[in-house]
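The structure appears below as structure tokens.
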Amino acid sequence: MKFEESVWNSLLSIVKNTLISAIGYSRHLSLGKVGNLLLLATSFQLSRIIKKPIMWGKPTTLSIEPTTSCNLRCPECPSGLRAFSRPTGMLDEQLFDRIIQQSKRSLTWLHLYFQGEPFLHPNFSKLVSLAHREGIFTSTSTNAHYLDEKRTEEILSSGLSQLIVSMDGISQEIYQQYRIGGNLEKVQQGLHLLLAKRKERNQLFPRVVLQFLVTGQNEHQIPDLKAWAEAMDVDELQLKTTQIYDYEHGSELIPTDTRYARYIPTGDGKWKLKKKLENKCWRMWQGAVVTWDGRVVPCCFDKDAKHVMGNLRSQKLETIWKSEVYDQFRSQLLADRSQIEICKNCTE
């Protein structure tokens, strides 16, 4: 009976959070934004049919990078490895404002994250507030080492809609194997502080998503994690698969339980993607990623900005979005996605 009650309570929690998040998202919509979404979806489906890119709408989502700086050294992350070939730095507030003003009539979702730890940007909460005032649903991802009293108050006052907290272990020993340099107790204290203050304020937002990157090192902790997340009363727990760069030769980071893996063994000692690559990608019609210095890249898999579509420091977003170089990229994707390097490790 206890097991059944636990499952039922988990389902109720998921439904409740989904409804609240959906209501929060819908409050930022307008007829113009909904119409733009329909244009994007229609042009995407037509493009798939005729195998040529059609683009009728404007970006409905953007990921904008506040900074490439990070306090941790995660082994499968360019920020953690300090391995970028592109410049590193902090997002300029005036550039951010220009991007928002250009996109606010079509933008339904802004993810203030790409690489790095966003809370290392000195004015991160101001960036969120600016987007929130323009009627945009905002989210971010953090390793949660900076959720102190001051920043927690700023987050709750900023209008942030969703906060994704990465916590890849339920003990310090396991947590630090991937989040190298991290302090699990500090993460848990910060998360507890935020949830407590949100409750004091009687706020529903930001919705707090606890994200657990499942690896071969921590998969055995999933039952304890679920119990801890329920006790902490986070809004949602996400078990996320880990991206491995050199996955063909295997890795200790690949879980033995392939339900939580992007890869499966081929039988000859090597590994391959679990999902078959198809010559389509909704992301290329949905939105784009913007680096801290204004470069527009097709998606979050282009971590080193190898496929630059344009630069918002000197070009308008709509011009880049419907440019020849973007069309060429979409054309290659529709023709043979396997020929694009950043697509070879993608589960879209």
Take the residues of the range 98-117 that are of a type outside the set (Phe, Trp, Tyr) and not in a loop (DSSP other than H, G, I, E, B): which is surrounded by the fewest Cβ atoms within 10 Å (Cβ to Cβ)? Gln101
Matching residues in the range 138-163 (surrounded by fewer than 17 Cβ atoms within 10 Å (Cβ to Cβ) and under 19 Å from Arg179 (Cβ atoms)) number 1
Examine the range 174-194 for a residue that is surrounded by 22 or more Cβ atoms within 10 Å (Cβ to Cβ) and modelled with pLDDT under 95, and state whether such a residue exists. yes
Residues that are of a type outside the set (Phe, Trp, Tyr) and touching a residue at least 24 places away in the same chain (Cβ under 8 Å): which helices (runs of 4 or more DSSP H) entirely in the range 124-224 hold 3 or more of them? 124-133, 149-158, 184-200
Quick one: in the range 305-348, which of the residues that are of a type outside the set (Gly, Ala, Ser) and touching a strand residue (DSSP E or B) at 6+ places or on another chain (Cβ under 6 Å) is farthest from Ser106 (Cα to Cα)? His307
Among (1) surrounded by 13 or more Cβ atoms within 10 Å (Cβ to Cβ); (2) of a type in the set (S, T, N, Q); (3) at pLDDT below 95; (4) farther than 30 Å from His220 by Cβ, the one test that Thr258 misses: (4)
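Please work out if Gly135 is touching a His at 6+ places or on another chain (Cβ under 7 Å) and either of a type in the set (Asp, Glu) or open to solvent by 10 Å² or more (accessible area, probe 1.4 Å) (or both).
It is true that Gly135 is touching a His at 6+ places or on another chain (Cβ under 7 Å) and either of a type in the set (Asp, Glu) or open to solvent by 10 Å² or more (accessible area, probe 1.4 Å) (or both).
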Could you tell me which residue of the range 234-247 is farthest from Asp304 (Cα to Cα), considering only residues that are part of a loop (DSSP other than H, G, I, E, B) and open to solvent by 80 Å² or more (accessible area, probe 1.4 Å)? Asp246
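Residue-wise test of (1) open to solvent by less than 40 Å² (accessible area, probe 1.4 Å); (2) in contact with a helix residue (DSSP H, G or I) (Cβ under 6 Å, 6 or more places away or on another chain); (3) free of Cβ contacts under 8 Å to residues at least 24 places away in the same chain.
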{"site": "Arg48", "(1), (2), (3)": "no, no, no"}
{"site": "Pro53", "(1), (2), (3)": "yes, yes, no"}
{"site": "Glu65", "(1), (2), (3)": "yes, no, no"}
{"site": "Arg86", "(1), (2), (3)": "yes, no, no"}
{"site": "Phe96", "(1), (2), (3)": "yes, yes, no"}
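Specify which of the listed residues (Gln315, Gln286) is at pLDDT 95 or above and within 30 Å of Leu237 (Cα to Cα). Before the answer, list the steps.
Working: Gln315 fails: within 30 Å of Leu237 (Cα to Cα).
Within the list Gln315, Gln286, the selection yields Gln286.
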Scanning the range 31-72 for residues that are farther than 30 Å from Asn183 by Cα and either under 18 Å from the mean Cα position of the chain (by Cα) or modelled with pLDDT under 95 (or both) gives Pro59, Thr60, Thr61, Leu62
Could you say which residue among Ala227, Ala231 is modelled with pLDDT under 95, open to solvent by 80 Å² or more (accessible area, probe 1.4 Å) and part of a helix (DSSP H, G or I)? Ala231
Counted residues, the range 73-83 - those being open to solvent by 40 Å² or more (accessible area, probe 1.4 Å) and either more than 20 Å from Ile180 (Cα to Cα) or hydrophobic (A, V, I, L, M, F, W, C) (or both): 2
Residue pairs, Cβ under 8 Å, 6 or more apart or interchain, first in the range 326-341 and surrounded by 11 or more Cβ atoms within 10 Å (Cβ to Cβ), second β-branched (Val, Ile, Thr). List them. Tyr326/Ile320; Phe329/Ile340; Gln332/Ile340; Leu333/Ile340
Scanning for something within 22 Å of Cys77 (Cβ to Cβ) and either open to solvent by less than 40 Å² (accessible area, probe 1.4 Å) or more than 24 Å from the chain's Cα centre (by Cα) (or both), does the range 306-323 turn up at least one residue? no
Residues satisfying the stated conditions in the range 281-302, i.e. open to solvent by 40 Å² or more (accessible area, probe 1.4 Å) and out of contact with any Gly (no Cβ under 6 Å at 6 or more places or on another chain): Trp282, Arg283, Gln286, Arg295, Cys300
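The values are calculated or read from the model by the stated rules, or taken from the named source; none is laboratory data. Since we're looking at a predicted model, the values are computed, not measured. A quick note on method: Cβ atoms are made from the backbone with ideal geometry, for glycine too, and the neighbour counts reach across all protein chains shown. Ligands, DNA and RNA are stripped out before the accessible areas are found, and what is left, the full protein with its side chains, is counted by its heavy atoms. Shrake-Rupley method; radii C 1.70, N 1.55, O 1.52, S 1.80 Å.
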